[in-house]
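The values are calculated or read from the model by the stated rules, or taken from the named source; none is laboratory data. Because the structure is predicted, anything quoted here is derived from the model rather than measured. Please note: Cβ atoms are built from the backbone with ideal geometry, for glycine as well, and neighbour counts cover all protein chains shown. Surface areas here come from the heavy atoms of the whole protein model, side chains and all, with no ligands, DNA or RNA. Shrake-Rupley method; radii C 1.70, N 1.55, O 1.52, S 1.80 Å.
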Amino acid sequence: MLCEPFLTSRSESGWDIPLLAWRAESPLLAVGSAPLGGGIGVRRWVLNATVPMSYDRDDPAAHLAELAHGLDLDGPGVGLLTGVDVSEVVRRTDGGVRVWATVGLGTPVWAAAPGPAPSAASEPARPAQHVGTVNIVVYVPVRLGDAALVNAVATATEAKAQAIWELGLPATGTPTDAVTVLCPADGEPAPYGGPRSAWGAPLARAVHAAVRSGGAGTVVPWSDRRAG
């Protein structure tokens with residue numbers, strides 16, 4: 001079981017910056033695209049950390065590990081970054097699936113944006129990783145098989161894109177969104193996670209509701225609000 005998150009803060013650069021953290025009652029199986037703890041594996045906690053929009057560290061995983069250590073979050077976990085004030089997290093539940101989303105849509109983009117092809121003569125440049133603006137954390141109360149976990153990430157992303165389209169934005173997301181899906185590590189694996197499956201359908205509805213609610217108003221980045 002993934003408990004409700006607790007809100008706290010850390011002192012950094014003279015500011016008190018908010019953090020949102022979840023502890024698992026027992027180790028959970030997770031899949032996701034987070035800077036820390038992404039991929040598929042067993043995780044014990046999740047951390048969603050607000051950072052200033054001027055954030056320019058090129059080691060987000062190490063930074064998140066430092067923040068987790070400061071909160072006594074032990075063992076492997078998932079770490080996310082966002083320019084949004086994480087105290088504004090949106091919660092939704094549907095059919096036993098629980099979703100938490102921090103939603104900032106200041107940089108909406110189409111996933112398949114046109115752009116120049118990289119030169120074959122040299123390795124493409126690797127820009128520093130920037131702050132994500134839509135972070136989605138999902139808990140499914142039954143064990144999902146590996147393929148179902150991957151499918152659940154796709155379902156959550158499709159539901160997010162649907163919500164953004166319904167909000168009137170010509171976009172599928174922002175350049176740095178992240179999603180994490182967690183479930184019990186034990187039990188008979190459910191084979192499917194698509195939007196018409198037993199667990200994918202409520203997952204899609206909950207993600208859609210959370211993103212649409214979180215994106216309905218104007219979300220001011222935490223650092224912009226802090227600067228007045």
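Taken residue by residue, region 38-51 has at least one member that is out of contact with any Pro (no Cβ under 8 Å at 6 or more places or on another chain) and modelled with pLDDT under 95. Within region 28-37, does at least one residue satisfy the condition of being among the aliphatic types (A, V, I, L, M) and free of Cβ contacts under 8 Å to residues at least 60 places away in the same chain? Checked region 28-37: at least one residue is among the aliphatic types (A, V, I, L, M) and free of Cβ contacts under 8 Å to residues at least 60 places away in the same chain.
The single residue among V219, V137 that is modelled with pLDDT of 95 or more and open to solvent by less than 50 Å² (accessible area, probe 1.4 Å) turns out to be V137.
Of all residues in region 10-64, those satisfying the criterion of being more than 18 Å from V99 (Cβ to Cβ) and among the small types (G, A, S) are S11, S13, G14, S26, G37, G38, G39, G41, A49, S54, A61, A62. Within region 151-180, being more than 25 Å from P191 (Cβ to Cβ), open to solvent by less than 20 Å² (accessible area, probe 1.4 Å) and not in a helix (DSSP H, G or I) holds for A171, G173, T174, A178. Out of curiosity, is W165 farther than 18 Å from W100 by Cβ and modelled with pLDDT of 95 or more? Yes, satisfied.
Matching residues to (1) more than 21 Å from M1 (Cα to Cα); (2) in contact with a helix residue (DSSP H, G or I) (Cβ under 7 Å, 6 or more places away or on another chain); (3) of a type in the set (A, V, I, L, M, F, W, C); (4) surrounded by fewer than 18 Cβ atoms within 10 Å (Cβ to Cβ):
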site	(1), (2), (3), (4)
A21	no, no, yes, no
E25	no, no, no, yes
P35	yes, yes, no, no
A49	yes, yes, yes, no
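In region 73-98, the qualifying residues are those that are at positive phi and touching a residue at least 60 places away in the same chain (Cβ under 8 Å), and the one that is most open to solvent (accessible area, probe 1.4 Å) is G95.
Among the residues of region 1-11 satisfying the criterion of being in a strand (DSSP E or B) and open to solvent by 50 Å² or more (accessible area, probe 1.4 Å), which is farthest from A152 (Cα to Cα)? Ranking the candidates gives S11 first. The single condition among (1) within 25 Å of V142 (Cβ to Cβ); (2) at pLDDT 95 or above; (3) part of a strand (DSSP E or B) that E25 does not satisfy is (2).
Taking the listed residues V46, V103, V78, V42, the one that is of a type outside the set (D, E) and more than 29 Å from T218 (Cα to Cα) is V42, with no other qualifying. Taking every residue in region 2-26 that is under 23 Å from R226 (Cα atoms) and pairing it with any residue that is open to solvent by 50 Å² or more (accessible area, probe 1.4 Å) and in a loop (DSSP other than H, G, I, E, B), at least 6 positions away or on another chain, yields no pair with a Cβ-Cβ distance below 9 Å. Can you confirm whether region 102-114 contains a residue that is in contact with an Asp or Glu (Cβ under 7 Å, 6 or more places away or on another chain) and modelled with pLDDT of 90 or more? So far as region 102-114 goes, yes, one or more of its residues are in contact with an Asp or Glu (Cβ under 7 Å, 6 or more places away or on another chain) and modelled with pLDDT of 90 or more.
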